[in-house]
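Worksheet: the structure to be examined is printed underneath.
The values are calculated or read from the model by the stated rules, or taken from the named source; none is laboratory data. None of the values given here were measured: they were computed from a predicted structure. A quick note on method: Cβ atoms are made from the backbone with ideal geometry, for glycine too, and the neighbour counts reach across all protein chains shown.
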């Protein structure tokens with residue numbers, strides 16, 4: 001029987017990745033599906049982990065650092081250099097995506113140290129509001145893509161977003177609490193929310209957290 005990655009494996013890889021980065025002086029947090037799980041979406045099974053590293057170094061610099069810091073990290077070279085973590089050689093492994101903040105290419109804002117949220121597992125995660133906005137951004141990207149592999153992700157995106165909207169806290173997640181967000185991110189958020197409510201017209205949840213839509 002083929003080995004399958006479990007949630008505990010994802011959390012283990014996330015923890016080892018964060019530990020290695022912090023030992024190297026890098027500040028980071030999780031976002032994407034692994035962050036959804038850590039924020040309480042217990043039925044959301046991540047396939048990989050997405051880590052935002054707050055640095056001026058490049059993604060490739062961070063990958064090279066990790067493979068030197070821990071021999072369970074390795075690179076598979078194809079069209080891109082893809083970072084993986086070996087849980088159990090040779091069959092069980094988890095992909096680790098490293099992202100750097102900025103308007104391009106991913107549109108991820110810089111998050112101040114005090115705004116990063118420690119999960120119940122001790123793994124730092126991106127603030128909930130940003131997680132939601134970036135999920136909508138991924139949904140829009142997949143909807144406008146011509147690649148079958150991207151479009152196949154749309155149903156799961158929509159499930160994730162609907163569940164995240166139900167989990168919103170009108171106080172903790174209110175836009176007014178995020179005065180440190182850059183203007184480009186707020187403007188992009190309005191554009192993304194506008195695209196989302198064209199398909200899903202209910203606006204109450206968005207209004208409850210300060211978006212005038």
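Within the range 111-120, restricting attention to residues that are assigned to a loop (DSSP other than H, G, I, E, B) and surrounded by 15 or more Cβ atoms within 10 Å (Cβ to Cβ), the residue that is modelled with the highest pLDDT is 111. One residue is enough: does the range 31-44 have a residue meeting the conditions outside the structural domain of residue 160 (by the TED database), out of contact with any helix residue (DSSP H, G or I) (no Cβ under 7 Å at 6 or more places or on another chain), buried (at least 18 other Cβ atoms within 10 Å of the Cβ) and over 22 Å from residue 141 (Cα atoms)? Checked against the condition, which is being outside the structural domain of residue 160 (by the TED database), out of contact with any helix residue (DSSP H, G or I) (no Cβ under 7 Å at 6 or more places or on another chain), buried (at least 18 other Cβ atoms within 10 Å of the Cβ) and over 22 Å from residue 141 (Cα atoms), the range 31-44 yields at least one hit.
Summed over the range 79-110, residues that are assigned to a loop (DSSP other than H, G, I, E, B), over 19 Å from residue 132 (Cα atoms) and without any contact (Cβ under 8 Å) to a residue 40 or more places away in the chain total 4. In the range 177-191, the residues that are closer than 12 Å to residue 130 by Cα form Cβ pairs under 6 Å with partners that are in a helix (DSSP H, G or I), at six or more places apart or across chains, as follows: 189/133.
Only a single item in (1) closer than 27 Å to residue 8 by Cα; (2) outside any strand (DSSP E or B); (3) touching a strand residue (DSSP E or B) at 6+ places or on another chain (Cβ under 7 Å); (4) assigned by the TED database to the domain that holds residue 74 is not met by residue 134, and it is number (4).
Inside the range 156-202, can you point out the residues that are outside any helix (DSSP H, G or I) and surrounded by fewer than 15 Cβ atoms within 10 Å (Cβ to Cβ)? Answer for the range 156-202, where residues must be outside any helix (DSSP H, G or I) and surrounded by fewer than 15 Cβ atoms within 10 Å (Cβ to Cβ): 169, 170, 171, 172, 179, 180, 182, 200, 201, 202. With respect to (1) at pLDDT 95 or above; (2) under 11 Å from the mean Cα position of the chain (by Cα); (3) part of a helix (DSSP H, G or I), the lone exception for residue 20 is condition (2).
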